[in-house]
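The values are calculated or read from the model by the stated rules, or taken from the named source; none is laboratory data. Keep in mind the model is a prediction, meaning the values are calculated, not measured. For neighbour counting, all protein chains shown are included, and Cβ atoms are generated from backbone atoms with ideal geometry for every residue, glycine included.
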Amino acid sequence: MNSINKTARIAGFLYFMYFVTSIIAEQFGRFVFVDAQVTVNHIMAYESQFRIGLVVSLFSIVFFLLAAWYLYVLLKPVNKNIALLFLSLNLGGFAIYCFSTLNLFASLLLLSGADYLKVFQPDQLQALAVLFVNLRKNGAISAQIPYGIWLFPLGYLVFKSGFLPKILGILLIVDCFGLLISVFQYFLLPGYEVISYPCMAVSFIAEIGLTLWLLIMGVKEQKPTLADGQK
């Protein structure tokens, strides 16, 4: 029991560190909840801060992947195949997110003032930088598809586990659909951000709830409910 509680608390700690580092990254980098032009202006005015935010952002997503691994270890006794499914989906989101982050490095290079860029006019470089920031934003939103879908098998296993509150499993499943709605809203109805607001609220409650429960409460002192055919 001490081992499973330790695993749960490590998962909660890593999930918590993901949230903390994500907030720090946005405060320094200014590349999430702002328009692309704001990010470009921030790079030109505070390049060192942007670099810090970019590096912290990469660490944050590593924390998220590690949290998924420990959740896999915690929940695989319930159903190993489903646990492997949500881990694979998280890894897919991780790959898309990391690849899209290269666009921020491209924007940084375009605004670096290097000699080989003098063939371009300053306004051309800024326009290209805005383009790459927008590409990164679209890539990060695309990553929410596997990141959203992973919540369904995760929520199912939390619900069936017997050692975590069922309400957390239900909230995670609802969060899955909420994130997918947010993705569709971004690409299909870009002028209707209000559609995503309830989804963001559910996402915050579900994922923060899971994080704090794992970190503070751990798991109940009982064996998980095994799925049919599991040993």
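Taken over the range 157-195, the criterion of being surrounded by fewer than 19 Cβ atoms within 10 Å (Cβ to Cβ) and of a type in the set (Gly, Ala, Ser) is satisfied by Gly162, Gly191. The residues in the range 7-36 that are surrounded by fewer than 14 Cβ atoms within 10 Å (Cβ to Cβ) and of a type outside the set (A, V, I, L, M, F, W, C) can be counted, and the count is 2. Evaluated against (1) among the β-branched types (Val, Ile, Thr); (2) in contact (Cβ under 8 Å) with a residue 60 or more places away in the chain; (3) surrounded by fewer than 18 Cβ atoms within 10 Å (Cβ to Cβ), Val40 falls short on exactly one condition, (3).
For Asn103, the test of being farther than 23 Å from Ser203 by Cβ, of a type outside the set (Gly, Ala, Ser) and part of a helix (DSSP H, G or I) is passed. Among the residues making up the range 188-213, a single one is more than 18 Å from the chain's Cα centre (by Cα) and in contact (Cβ under 8 Å) with a residue 24 or more places away in the chain: Trp213. The requirement of being under 19 Å from the mean Cα position of the chain (by Cα) and either within 29 Å of Leu210 (Cα to Cα) or not acidic (Asp, Glu) (or both) is fulfilled nowhere in the range 120-132; no residue meets it.
When Val78, Val40, Val32 are checked against the criterion of being at pLDDT 95 or above and part of a loop (DSSP other than H, G, I, E, B), a single residue qualifies: Val78. Within the range 9-20, residues that are in contact (Cβ under 8 Å) with a residue 24 or more places away in the chain reach partners that are assigned to a helix (DSSP H, G or I) and among the polar types (S, T, N, Q) with beta carbons closer than 6 Å, at six or more positions or on different chains, in the pairs Gly12/Thr211; Tyr15/Thr211; Phe16/Thr211; Tyr18/Ser60. Within the range 56-98, the residues that satisfy the criterion of being more than 13 Å from Ser22 (Cβ to Cβ) and β-branched (Val, Ile, Thr) are Val73, Val78, Ile82, Ile96. In the set (1) surrounded by 19 or more Cβ atoms within 10 Å (Cβ to Cβ); (2) closer than 30 Å to Ser48 by Cα, the condition left unmet by Gln124 is number (1). Does Phe152 count as crowded, with 16+ Cβ neighbours inside 10 Å and closer than 23 Å to Val34 by Cα? Answer is no for this residue.
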